[in-house]
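Worksheet for the structure shown next.
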Amino acid sequence: MILSDKEILKQIQKGTIVIEPFKNECLGSNSYDVHLSKYLAIYKNAVLDSKFENELIELEIGEEGFVLQPGELYLGSTIEYTETHEFVPFLEGKSSVGRLGIDIHATAGKGDVGFCNHWTLEISVTRPVRVYAGMPIGQIIYFMVNGEVINPYHLKSSAKYRTKNPKPVGSMMYKNKF
């Protein structure tokens, strides 16, 4: 079951959902719009190695915007910091963003109960497109969980993306054992 706008507001009042900053005009019928921060990053090396930490080059979107290029993976982040303590958050791109050929996540659209952070976006484009800091980039949809959550994300010792960070965070696959 997906939470309605009224239920999202109720859960924000209860503290089970946190969205900072919160703007009422960003609340949809059953979602909340999130916005692209000024922070982007790309990987320094052309070949990435999943067993090692891969160095990032940090970029910032200026007032004139930033042109994303096909064939490059950009890591972006949301302006909004979110916490979700009883629901499963899903981040999806807005249809207007998709119609520009922008994909905001390759595989990581689902958050976990207990996720408390800014969202890192895995941005790719089909053709060059100029983006701007503050533009609506996606929407979070909240799903109810059936049953008690024993191990929320923010309390898991193995959780790799718990450090609060407004900037994009690179892959931490190297922390897994394989």
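What follows draws every value from the coordinates through simple rules; no lab data is involved. As the structure is a computational prediction, the values presented were derived from the model and not from experiment. Don't worry about glycine lacking a Cβ; one is built from the backbone with ideal geometry, like all the others, and counts go over all protein chains shown.
Those residues that are among the β-branched types (Val, Ile, Thr) and closer than 21 Å to Glu86 by Cβ, I need them from region 131-146; list them, please.
Narrowing region 131-146 to residues among the β-branched types (Val, Ile, Thr): 131, 137, 140-141, 145.
Hits for region 131-146 are Ile140, Ile141, Val145.
With respect to Val18, is the statement that it is under 17 Å from the mean Cα position of the chain (by Cα), surrounded by fewer than 16 Cβ atoms within 10 Å (Cβ to Cβ), touching a residue at least 24 places away in the same chain (Cβ under 8 Å) and not in a loop (DSSP other than H, G, I, E, B) true? First the steps, then the outcome.
Working: under 17 Å from the mean Cα position of the chain (by Cα): yes; surrounded by fewer than 16 Cβ atoms within 10 Å (Cβ to Cβ): yes; touching a residue at least 24 places away in the same chain (Cβ under 8 Å): yes; not in a loop (DSSP other than H, G, I, E, B): yes.
For Val18, the condition - under 17 Å from the mean Cα position of the chain (by Cα), surrounded by fewer than 16 Cβ atoms within 10 Å (Cβ to Cβ), touching a residue at least 24 places away in the same chain (Cβ under 8 Å) and not in a loop (DSSP other than H, G, I, E, B) - is met.
Given region 35-129, what strands (runs of 3 or more DSSP E) lie entirely inside it while holding 2 or more residues that are closer than 30 Å to Lys177 by Cβ and touching a strand residue (DSSP E or B) at 6+ places or on another chain (Cβ under 9 Å)?
Details: elements: 56-60, 66-68, 74-84, 87-93, 116-125.
Hits in region 35-129: 56-60, 74-84, 87-93, 116-125.
If you go through region 50-68 one residue at a time, how many are polar (S, T, N, Q) and either closer than 12 Å to Pro168 by Cβ or over 20 Å from the mean Cα position of the chain (by Cα) (or both)? Steps first, answer last, please.
If we filter region 50-68 for residues that are polar (S, T, N, Q), which is where we start, we get 50, 54.
From the residues that got through so far, the ones that are either closer than 12 Å to Pro168 by Cβ or over 20 Å from the mean Cα position of the chain (by Cα) (or both) too are 50.
Total meeting the criteria: 1.
Condition check ((1) surrounded by fewer than 20 Cβ atoms within 10 Å (Cβ to Cβ); (2) of a type in the set (D, E, K, R); (3) out of contact with any helix residue (DSSP H, G or I) (no Cβ under 8 Å at 6 or more places or on another chain)) across all residues:
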residue: Lys51; (1), (2), (3): yes, yes, no
residue: Glu58; (1), (2), (3): yes, yes, yes
residue: Tyr74; (1), (2), (3): no, no, yes
residue: Pro128; (1), (2), (3): yes, no, yes
residue: Ile137; (1), (2), (3): no, no, no
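Is it true that Thr84 is of a type in the set (S, T, N, Q) and touching a Ser or Thr at 6+ places or on another chain (Cβ under 6 Å)?
Details: of a type in the set (S, T, N, Q): yes; touching a Ser or Thr at 6+ places or on another chain (Cβ under 6 Å): no.
No.
Restricting attention to region 139-165, report how many residues are closer than 27 Å to Ser50 by Cα and surrounded by 15 or more Cβ atoms within 10 Å (Cβ to Cβ). Steps first, answer last, please.
Residues of region 139-165 closer than 27 Å to Ser50 by Cα: 151-165.
Now restrict to residues that are surrounded by 15 or more Cβ atoms within 10 Å (Cβ to Cβ): 152-154, 159, 161-162.
Qualifying residue count, region 139-165: 6.
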